[in-house]
Amino acid sequence: MPDISKKTSEYGAEEITDLVKLSRRPTLLENIQQYVEEIGDVFASRVIYVGDFTSFAGNVFYWMGVKTVRRDALARAFYQIGVLSLPVVMLTGMFIGMVLAVQCHAQFKAIGMAERLGGAINLSLVRELGPVLAAVMLAGRVGCSIAAELGTMRVTEQIDALTSMGTNPIWYLVVPRFLGCLLLIPALTVMADVMGIYGGAYYCVHVLGIESGPYWENSYHFVGGFDIFTGIFKSLFFGAAIALIACHQGFRCDAGAEGVGKAATVSFVASFVMILFIDLILGIVLERVNQMLGNVPGIV
Amino acid sequence: MSDHPDETPTLSKRRRIIVNDVYPAEEGEYPAEARPLERAVVEDGPPFLQVESLSVVFQRNPVLRAIRLTINRGETVAIIGESGCGKTVFLKSLIGLIEPEYRQGNVLFDGNDFYGMTTRQQTRERMRFGFVFQQAALFDSMSIGENISFPLEQHTMKTDEEMEAIVLRLLAEVGLPPSVHAKRPGELSGGMRKRAGFARALAMGPEVMLYDEPTTGLDPIMSDVINELIINTKKQHEVTGIMVTHDMKSAKKVADRIIMFYPLSRLEPEEPQIIFDGTPEEIDRCRDPRVSQFIRGEARERLMEMTEAYKPQYPE
């Protein structure tokens, strides 16, 4: 290593050799080696993340099975996740029902099927928009809050304190939140569906002037039991994904305020992507099941 | 003394060291206050804590390397060392509070390997410990009373009245008024929060108290209050204490034995990480310049080293 307190002109042969080694540009091989190392690092970190997440989820299921959750913790989680989310989920559902009516009315009217708008709106709501929007709202309102809360607990050593007192933090902190999300998201989805259906119906009947009787008649014909089941079934997976991602992010939160903020953001983004991914996969699977059952839905 | 097994004093030698240093044999009967220490030195069987070649890599940095040490029941041991030497990682590793990327070695409590236990066994084992965290780590969502009664509520069948009585007794023991019972941690000063954390750690009647920098961030008077609390806790509850600190005054006042860790970044690969293991009296006589630099709090060449390290690498 050259002595940096000396001028270059004062360097001996050995120091100049060191300096040349230090200052030369990396060769192509060294550049390639560096890129490969970087790609390897990224890949390894992703594999570690997936492994860690899987192990975390396994722990959640383990603690859910071996020890009963305390009723007060469960009630608190249900209140936070279910009751407090209800207004925003209902409001979102109602607006999306109305927006669907606004967007689809012109097209349906142009082909003379404005009365069938109810079927389109309600089918979209029950199968896709209701569960997905309820899940997105839950990821935003509850998921971020869980990640930030648990992240703060991690940073301030409260999770360590729980562990040190012989209380498993996954059992105490994660399981009630997981159960809250898992069991209450179907109810939230149903509420979003109902509000969306009524919002769409109100706009169609009272603003666009569609006849109430044919509107509901079409809705009744086109929305079947399997459609309602599809939405609720999917919502269970969304709820589980939101809770696991949010809790995992909180538990693995980096130190400081930035770490907590990052945990909340990553929790929402990852949940959102996962909701859409699960929606696609389950959509394909459930459609196949639907076809096997001989149900071929159609609006027109 | 070092962490090498051959150089670690045997139980009988350790017994002699402790007894001679604190209660000279020629004085005859041990005073009443000596009971915890007396108990520590006369017990047979495996030592309370054995750490066997513990190495930890945390966030890609080796933090602990082949740590070997033994702690007897009833001892209060202060682990000192500069920031980043792995004191807190060591303390938390003892009861598995951190999940490092890599860990090797064993931690044995009463001869039982902690890392070899199942998750549920570890959870049960941790109830023997009381942990006082650096920033108290009280639960924000609970009152001070709820914080202190939390372990009782989780692990005992005590009634609300019984828990209330224990909480009030513990509050008094750490010098907090009953009025803090209903307050939230955010409403208390740092010293009060730390004492509330202390009370919570005592709630289950632990056998061992682990203190993570208990006097950090406190004024000198409050620091000494915490020192007194640690001494009183040892006397009243007959607990073994392991304290991590860089407060030399606190370490000398509280500890029967001081162990000094040194950062791995400043050590050669073959050098042991524990550079001192002895009594508070011995540390003052220690001739190792690294130890004397720490206990005197001298920067010496450190600033120059650091500024040199961050200078631009290439000369003009």
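The numbers here are math on the coordinates, done by the rules we state, and not lab data. Fair warning: this is a prediction, and the values are worked out from it, not measured in the lab. Neighbour counts are summed over all protein chains in view; Cβ atoms, including those assigned to glycine, are modelled from backbone coordinates with ideal geometry.
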Query raised in the report: Using only the Cα atoms, what convex hull volume per residue in Å³ does segment B:242-316 have?
Result: 118 Å³
Report task. Compute the signed sum of charges (Lys and Arg +1, Asp and Glu -1) over the other residues within less than 14 Å, Cβ to Cβ, of B:V63. Result -> +3
**Report entry** Burial order of peptide ranges B:124-132, A:219-227 (average beta-carbon count within 10 Å, highest first)
**Finding:** B:124-132, A:219-227
Requested in this report: Please give the peptides A:116-122, B:112-118 ranked by average Cβ packing (other Cβ atoms within 10 Å per residue), highest first, as a rough proxy for protection.
Outcome: A:116-122, B:112-118
Report task. Between B:A182 and A:R25, with labels modelled 7 Å along Cα→Cβ, what's the label distance in nm to one decimal, could you check? Result -> 7.5 nm
**Report entry** Protection proxy ranking, peptides A:201-207, B:100-106, average beta carbon neighbours within 10 Å, highest first
**Finding:** A:201-207, B:100-106
Query - Convex hull per residue volume in Å³, alpha carbons only, for segment A:143-281 - result: 125 Å³
Report task. In nm, give the distance between the simple-model label positions of B:I221 and A:L91, each being 7 Å from the Cα along the Cα-to-Cβ direction. Result -> 5.1 nm
Requested in this report: May I ask you to list the aspartates and glutamates whose Cα is less than 16 Å away from that of B:K183, ignoring any residue fewer than eight positions away on the same chain?
Outcome: B:D140, B:E146, B:E164
Requested in this report: Take the alpha carbon atoms of segment A:222-239, find their center, do the same for segment B:242-284, and report the distance between the two centers in whole angstrom.
Outcome: 63 Å
Query - Average projection area in nm² (convex hull over Cα atoms of the protein assembly as shown, one quarter of hull surface) - result: 40.4 nm²
Query - Number of partner chain Cβ atoms within 10 Å, mean per residue of B:130-138 - result: 4
Report task. Please give every one of the aspartates and glutamates within straight-line cross-link reach of A:K234, meaning a C-alpha to C-alpha distance under 20 Å, and leave out same-chain neighbours fewer than 8 residues apart. Result -> A:E128, A:D193, A:D279, A:E287
Query raised in the report: Rounded, prolate or oblate: which fits segment A:53-177 when a ≥ b ≥ c are the square roots of the eigenvalues of the alpha-carbon gyration tensor, with rounded for a/c under 1.5 and prolate only if a/b beats b/c?
Result: prolate
Query raised in the report: Peptide B:150-158: average number of partner chain Cβ atoms within 10 Å per residue?
Result: 3
Report task. Just list whichever of B:K87/B:K194; B:K92/B:K249; A:K67/B:K92 have alpha carbons separated by over 21 Å in the model shown. Result -> B:K92/B:K249; A:K67/B:K92
Report task. Would you mind classifying segment B:32-183 by shape? Square roots of the alpha carbon gyration tensor eigenvalues, ordered a ≥ b ≥ c; an a/c under 1.5 is rounded, otherwise it is prolate if a/b is larger than b/c and oblate if not. Result -> prolate
Query raised in the report: Taking other Cβ within 10 Å of each residue's Cβ, how do B:S179, B:S223, B:S53 sort, fewest first?
Result: B:S179, B:S53, B:S223
Requested in this report: Could you work out, residue by residue across A:146-159, how many beta carbons of other chains sit within 10 Å of that residue's beta carbon, and then give the average as an integer?
Outcome: 3
Query - Chain lengthening between B:H237 and B:N61 when straightened (0.36 nm per residue, less Cα-Cα) - result: 59.6 nm
Report task. Could you work out the local net charge near A:G93, counting Lys and Arg as +1, Asp and Glu as -1, over the other residues with Cβ closer than 15 Å to its Cβ? Result -> 0
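Rounded, prolate or oblate: which fits segment B:173-245 when a ≥ b ≥ c are the square roots of the eigenvalues of the alpha-carbon gyration tensor, with rounded for a/c under 1.5 and prolate only if a/b beats b/c?
Note, shape of segment B:173-245 comes out oblate.
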Query raised in the report: Can you list the equivalent-ellipsoid semi-axes of chain A, largest first and in whole Å, using the square root of 5 times each Cα gyration tensor eigenvalue?
Result: 51, 28, 18
Query raised in the report: How many Å³ per residue does the convex hull of the Cα positions in segment B:90-176 occupy?
Result: 144 Å³
Report summary line: The simple spin-label model distance between A:V273 and B:R169, using points 7 Å out along Cα→Cβ, in nm, is 5.5 nm
Query - Contact order relative to length of chain A, as percent, for alpha carbon pairs under 8 angstrom and 6 or more apart - result: 27 percent
Query raised in the report: Where q = 0.13, 0.22, 0.28 Å⁻¹, what log10 of I(q)/I(0) comes from the Debye formula for segment B:140-205, counting one point per Cα?
Result: -0.28, -0.82, -1.32
Query raised in the report: Can you work out D for segment A:233-284 in µm² s⁻¹ from Stokes-Einstein, where Rh is the Kirkwood radius over C-alpha pairs, the temperature is 20 °C and the viscosity is 1.002 mPa s?
Result: 187 µm²/s
Requested in this report: Give, in nm to one decimal, the length gained when the segment between A:Y49 and A:V66 is fully stretched (0.36 nm per residue of separation minus the Cα-Cα distance).
Outcome: 3.6 nm
